[in-house]
Amino acid sequence: MHKQRRVVVTGLGAVTSIGSGVAAFWRSLLAGVCGIRPFDLFDPTRYRTQTAGAVTDIPDDFLSAADKRRMSRADRMGLAAAREALEAAGLDASREDPRRIGVILGGGTSGLLDSEAFFETHLRGGEGRPSRVLNHLPDAITDRVAQRFGFEGIKSTVTTACSSAANALGYAHDAIAAGLADVVVTGGSDVLARLTYGGFNSLRSVDPDPCRPFDRERKGLSIGEAAGILVFEEAERARRRGAPIRAEFLGYGVTSDAYHMTAPDPSGAAGGRAIRAALKAAGVNAEDVDYVNAHGTATPQNDSAETAALKEALGDRARRVPTSSIKSMIGHCLCASGAIEAVATVLTVESGEIPPTIHYENPDPACDLDCVPNEARRAPVDVAVSNSFAFGGNSTAVVIGALRP
Amino acid sequence: MAHRGVVTGTGAVSALGRTPADFYRRLLAGETAIRPMTAEERGVMQATHVARYDGFSPQPEIPAMKARRFDRGSQFAILACQQALRESGLDVAADPEAVGIALGTGSAGAGALTEFLKVLLLESPEAAPPFHFPNTVANAPASQVSIELKLYGPNVTITQKDPSALNALLFASLALSTGRARAMLAGAVDEWNAYYALGFDRVGALRGAKRSSGIVQGEGAFAVMLEDEESARSRGARPLARLSGIGTAGVPTEPYLFAPDAAAVERAVRGALEDAGVAAGDVGLLLPSRNGVSEMDRVEAEVVRKIFGRPPRTIAVKDAIGEMAAAGGAQLVTAVRAIADPQGLVNGGPRRALVNSFGAGGNFFAAILEPAS
């Protein structure tokens, strides 16, 4: 085996309900701004709940009118975030070997919102616009990012529901470490859709008010949408070209719960396996973990199971490590959640500022973590873990570290 | 990056056979599952043919009561993965964290998704059946397999057009080489769905009355058990074949357009040969990507002539089962069985197989398999 190549993050991009562009997103996160509110992407009046973390500003002026007509909302958000990330990384595609630059994203719902419109027209006997018909297939965004920026390397789309983007980051890391690519644009873009909004409502998993992760009175999740893009790059190469290195992607763990399609393993054993596998792959110990960006959906089951999982993996340290859920501000961005949460985690590692869990009032003995209630905090963070747990029992944790000499 | 793992088991659940042995026998006998669509299937589409798995039943393996919990794709996948696991002789319970799964798909979840949306859109969101929602995710089949077979290892589903199966195989091989797992089920699953078919018909992908170039859609599940070679041998397994190389290439293009790009095809194939450390002359069997998209088929044939001179023995799997992400899994299973069969197709000549899998959106994969002994 050749020596493992290390992977660093050289660019970030974000499109979210609390700000588009990484700077605006980060300011809002630290200020505890809530993006969960009434929305008008479709008419929510006949659903059980009426709020969501909807994006109101997609910075897609760089796309032509014809491009926008062809593309789904998820495509436009993903391209806007990718453009920001590539510019931040200072990557000039015309001076690179495009065959060494890949695109590996997580997706699932993707452009389903547009496909639903076509489907409804069809069900009612009409003819929809063919350009919108297959927008729900998540690989479209991956192809579009490669198309827009001229990349010819490996392309892949991981679709494991709410851990999709976290697994995409892991695949991107492994592709670079194994020498299949030098740069991989990774992350994901996922938008609100009737299917997921109606689906989580049908399972009675949605809080009518903005969600309250780790709070004793939590009633369920809030659904959000976002695009989060990270540029992963082989470390030596990034140093040689003087790239702005933001953090190191130390490793990840991906496991099956083999427990239940929708319920988490309440013992925490399953989630704990993913976190332990991630720490092992990253070559760090439980004592090294300075921050956890929680999955923290605010469903009664997730937050207590995640608490148990953190205790499984981190032991006593779990109760002391700052552990926040930014879903309290942007909602659960489903297949993109692992991407946008990784963006926030990189920013935390880089700045030593920890975003809070907002809407937190009532401590829950089943969630006895330091969830950074309501106010951002400063603390040095050298090693951070971000969790993503999904339908199907697909559990993933990623480990992001500050730059080491 | 040689020694990406050995194949110790295969699984096939398809219109051309419900076991790998049946599938392989009927494929070689020249049978095809492609048939004319019924008027109901065809509806307003211009497509004329399909390769559905008519009359499929998950019994006896999955009891009827239990089978109701699984969507069609999950039923296919559970059976195919059970077969691959059984043939491998691997004892999952001995170390469940070391065994995982990576499946490709282009359509998993389609049935549950359309059923759920039909009610939500035509009746009301309150009436939408919660029962269907968990199966709308494309990772339902792989996850149902992980629950059924009690796998605690890596679990991913990959969607990247037609080469999704080889993409999943690459993920599986990385899981082995990084030590995340010692054994990975790898393959792909698809279910035919009327609404998805309409979509592909509308974007011009399906062959039919108005279009001589295009694919015929199929369905089914195919899997191989890919194991770390040392760990397979130390437990006394007899590998059927070895995965020795994978090559990939991308072309920037519209997601639903084919990019008939000879340079990309050549880069994927030569990448696989180089990765395997073998020459073109070492390949005795070709499982082509050929799927009825004329421009793509022409470019593939051209590149094969350029690289190989006289093309190796060729089995066009998609002529028999149609095109889908799962077809890549069928090509893999075919390659493994051909390599492992002492009386087989490639007897006397070089016994390495090249699997090509190229899809819309500029996605190109190729893999080399070889005898394990």
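Just so it is clear, none of the values below were taken in a lab; they were calculated from the coordinates. Everything quoted here is computed from the prediction, not taken from an experiment. Every residue, glycine among them, receives a Cβ derived from its backbone with ideal geometry; neighbour counts consider all protein chains shown.
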Surface/4 estimate of mean projected area, convex hull on alpha-carbon atoms of chain A, nm²: 18.5 nm²
Long-range HN-HN contacts of A:GLY53 with modeled amide H, under 5 Å: A:ARG37, A:ILE223, A:GLY224, A:GLU225
Exposure proxy ranking, count of Cβ atoms within 10 Å, fewest first, for B:THR19, A:THR49, A:THR255, A:THR345: B:THR19, A:THR49, A:THR345, A:THR255
Where the Cα pairs of segment A:251-401 fall when distances are cut into 5 Å bins, in %: 2, 11, 22, 26, 23, 13, 3, 0
Positive dipole terminus of segment A:7-240, leading residue within A:ALA85, A:GLY35, A:LEU230 (C-beta point charges): A:GLY35
Sparsely packed GluC sites (Glu not before Pro) within segment B:81-147, loop by DSSP, other Cβ within 10 Å at most 11: B:GLU123
Within a Gaussian network of chain B (alpha carbon springs, distance under 10 Å), most fluctuating of B:ASP228, B:ASP261, B:ASP162: B:ASP261
Residues A:THR16, A:THR56, sorted so that the one with the fewest Cβ neighbours within 10 Å comes first: A:THR56, A:THR16
Farthest positive-ward along the protein assembly as shown dipole, Cα basis, beta-carbon charges - from B:ALA15, A:PHE391, B:SER164: B:ALA15
Peptide B:96-104 - average C-beta neighbours from other chains (10 Å radius): 2
GNM flexibility winner over chain A from A:VAL383, A:VAL133, A:VAL254 (Cα, springs under 10 Å): A:VAL133
At most 13 other Cβ within 10 Å, DSSP loop - trypsin sites (Lys or Arg not before Pro), segment B:36-131: B:ARG68
Long-range HN-HN contacts of A:GLY251 with modeled amide H, under 5 Å: A:VAL399
Estimated dipole of chain A in Debye, rounded to 20 [Cβ of Lys and Arg +1, of Asp and Glu -1, Cα centre]: 460 debye
Neighbour-count ranking [beta-carbon atoms within 10 angstrom, fewest first] of A:TYR171, A:TYR197, A:TYR47: A:TYR47, A:TYR197, A:TYR171
Dipole magnitude of the protein assembly as shown, debye to nearest 20 (Cβ charges: Lys/Arg +1, Asp/Glu -1, about Cα centre): 1300 debye
Residue of B:ALA326, B:ALA98, B:ALA138 that the Gaussian network model of chain B assigns the largest fluctuation, springs spanning Cα pairs under 10 Å: B:ALA98
Peptide A:197-209 - average C-beta neighbours from other chains (10 Å radius): 4
DSSP bridge orientation in segment A:251-401 - percent antiparallel, rounded to nearest 5: 70 percent
C-alpha center-to-center spacing [segment A:334-363, segment B:183-238] in angstrom: 37 Å
Separation of alpha-carbon centers, segment B:28-62 and segment A:80-149, rounded to whole Å: 31 Å
